[in-house]
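**Q** Below is the structure I would like to discuss, written out as structure tokens.
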Ligand SMILES: [Fe+2]
Ligand SMILES: [Fe+2]
């Protein structure tokens, strides 16, 4: 995780990172519930993880990603990340936590999500600090607000 460049001080980036931690935590919880036979709870936790990620992905894709895709240099890094969002969304939508194969699949996907997140937190987000000025931050925050109706960024 990037602790050096200061991007964690930006409220929007800090919220993206908090959403990553929330989604990973829900994935781990679903596996733990499934592990002790609480399949119904595990299935509900997977649904919650998917809903959190859908809002998170919308915020990223319409915000920081949309702004950075204007540059070819960044586009080639962003497009594969967006493809991974769609793949994980589809998988979470059809995951059956009563199936041992699907539980193994979720375990794998939680590990993959960690890799995906580190590409964002260590790769893309630090770049925003260099590339973004006031108007870009305003546009990225507006996208986050559209993705999270009724919520405000945690400015503190
Ligand atoms: Fe992402
Ligand atoms: Fe993300």
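**Q** Over the chain, what relative contact order in percent results from Cα pairs under 8 Å that are six or more residues apart?
**A** That works out to 38 percent.
**Q** Could I have the simple spin-label model distance between residue 99 and residue 28, label points 7 Å from Cα toward Cβ, reported in nm to one decimal?
**A** 2.7
**Q** What's the angle, to the nearest 10 degrees (0 to 90), between helix 11-35's Cα axis and the longest principal axis of the chain?
**A** Helix 11-35 sits roughly 10 degrees off the main axis of the chain.
**Q** Can you pull a Stokes-Einstein diffusion coefficient for the stretch 10-147 at 25 °C (0.890 mPa s), Rh from Kirkwood over Cα pairs, as a whole number of µm²/s?
**A** Estimated diffusion coefficient is 157 µm²/s.
**Q** How many angstrom lie between the Cα centre of the stretch 62-90 and the Cα centre of the stretch 92-145?
**A** Here the answer is 10 Å between Cα centres.
**Q** Could I ask something else about it? Between residue 41 and residue 87, how many nm apart are label points set 7 Å from Cα along the C-beta direction?
**A** Calculated label separation equals 3.2 nm.
**Q** Principal axes first, then extents: for the Cα atoms of the stretch 73-115, list largest minus smallest coordinate on each axis, whole Å, largest first.
**A** Largest to smallest, the principal-axis extents are 43, 17, 10 Å.
**Q** Note the angle between two axes, namely the Cα long axis of helix 72-94 and the longest principal axis of the Cα atoms of the chain, as a number of degrees from 0 to 90, rounded to the nearest 10.
**A** Value to nearest ten degrees: 20.
**Q** So what is the calculated 222 nm ellipticity per residue for the chain, using -39500 (n - 2.57) for each DSSP H run with n of 4 or more, over all residues, to the nearest 500 deg cm²/dmol?
**A** Only helices count here, giving -24000 deg cm²/dmol.
**Q** Let me ask something else about it. Roughly how tilted is helix 100-118, in degrees to the nearest 10 and between 0 and 90, from the longest Cα axis of the chain?
**A** 20
Throughout, read-outs are computed from the coordinates displayed, never taken from laboratory work. All values reported here derive from a predicted model rather than from experimental measurement. Note that we place each Cβ from the backbone using ideal geometry, even for glycine, and neighbour counts take in every protein chain shown.
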